[in-house]
1. Which condition breaks for F31 when tested against (1) part of a strand (DSSP E or B); (2) surrounded by 21 or more Cβ atoms within 10 Å (Cβ to Cβ); (3) not β-branched (V, I, T)?
2. I'd like to check which strands (runs of 3 or more DSSP E) are fully inside region 216-286 and have at least 3 residues that are touching a residue at least 60 places away in the same chain (Cβ under 8 Å).
3. Looking only at region 34-49, count how many residues are crowded, with 19+ Cβ neighbours inside 10 Å and part of a loop (DSSP other than H, G, I, E, B).
4. Are any of the residues in region 55-63 in the same structural domain as H9 (by TED's automatic domain parsing) and part of a strand (DSSP E or B)?
5. Quick check: is even one residue across region 174-195 surrounded by 12 or more Cβ atoms within 10 Å (Cβ to Cβ), touching a Pro at 6+ places or on another chain (Cβ under 7 Å) and within 28 Å of L52 (Cα to Cα)?
6. Looking at N68, N98 in this structure, which one is modelled with pLDDT under 95 and of a type outside the set (A, V, I, L, M, F, W, C)?
7. In region 96-110, which residues are in contact (Cβ under 8 Å) with a residue 24 or more places away in the chain, surrounded by fewer than 21 Cβ atoms within 10 Å (Cβ to Cβ) and either in a loop (DSSP other than H, G, I, E, B) or in contact with a helix residue (DSSP H, G or I) (Cβ under 8 Å, 6 or more places away or on another chain) (or both)?
8. Looking at region 152-173, which of its residues are assigned to a loop (DSSP other than H, G, I, E, B) and either surrounded by 12 or more Cβ atoms within 10 Å (Cβ to Cβ) or hydroxyl-bearing (S, T, Y) (or both)?
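The values are calculated or read from the model by the stated rules, or taken from the named source; none is laboratory data. Everything numeric here is computed off the predicted structure, so don't read it as measured data. All Cβ positions, glycine included, derive from the backbone under ideal geometry; neighbour counts span all protein chains shown.
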Amino acid sequence: MLNQSVLDHIKQFVPVNDLLENEPMSQHTSFKVGGEAALFIRISTKEQLVRLLPFLRRLEIDFFVLGNGSNVLVGDKGYQGVILSIREAMAEITVDENRITAGAGALLSDIAKKAAEQKLTGMEFASGIPGTIGGAVVMNAGAYGGDMSQITESVLIMNEAGEEMTISNEAMEFAYRYSVVKNRPYIVISVTLKLAHGNINEINQKMNELTERRRSKQPLEYASAGSTFKRPPGKFAGKLIMDAGLRGFSIGGARVSEKHCGFIINRGNATAADILEVIKEVQERVYGRFDIMLEPEVIYLGDF
């Protein structure tokens, strides 16, 4: 319960200017929808997390760690817990030989750019993924034949007691859109990548090619969460959706993209409920036609 005593306690170690009550989540997600968060905290130091996490867990207050908001659908009625925004405070990127260590809030695009500048290859696939590296390792994000499991050496996490631990690549138990962090009360603090030395011209050429492929095949001009569904074994979600006759299907301002049926887009006036209803309709129709239940990549948060 976010009563005044809870707020007063949090104010002891978070500047008042970084505490935003009733903050519209439509301003912090790539879908551009969502109601208000009861409390939105802009994290500015790792030490704040050390103090906040045990406190919130002890009082059983719901919280969510937010990076770039690129894979989250927040309900129209909002979120009654605490949003911990790490995007700006935990975005440092450092390079040591062929290793890059990045704070959980660092954008994949920024890390890929830094890697290219240092003539390091292996990060090109992630240059157009619109998220942070923290979220990327949690879900083992990937594209165009690459994923985070291929380049992650270790992950620094914070457990529920506010203690830090380093998890090796092997211990991360990476699988398709999965890591061990996904189902445990861990928060990613930073990630160390191990890349290879390469030719800067070849690296830039590959990044440019992938950027052009995204521009030509994905509806980047609309708000979305990227690929809405996980890829079923041996299939492609977008093709299943298209073959189910759902290309261009819409409810309110939410629509299955004609450009890429794996994307559900906000045409500008969608609500979270619109998007959720399109997701459910797609799942039902694809299951009815192909006996395959599509699993969303999107995280649902709050009250719909």
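1. The failed condition is (1).
2. Strands (runs of 3 or more DSSP E) meeting the threshold: 223-227.
3. Count: 3.
4. Scanning region 55-63 turns up at least one residue that is in the same structural domain as H9 (by TED's automatic domain parsing) and part of a strand (DSSP E or B).
5. Looking through region 174-195, none of the residues is surrounded by 12 or more Cβ atoms within 10 Å (Cβ to Cβ), touching a Pro at 6+ places or on another chain (Cβ under 7 Å) and within 28 Å of L52 (Cα to Cα).
6. Working: N98 fails: modelled with pLDDT under 95.
Being modelled with pLDDT under 95 and of a type outside the set (A, V, I, L, M, F, W, C) holds for just one of N68, N98, which is N68.
7. Correct list: N98 only.
8. Once the filter is applied, which keeps residues that are assigned to a loop (DSSP other than H, G, I, E, B) and either surrounded by 12 or more Cβ atoms within 10 Å (Cβ to Cβ) or hydroxyl-bearing (S, T, Y) (or both), region 152-173 yields N159, E160, G162, N169, E173.
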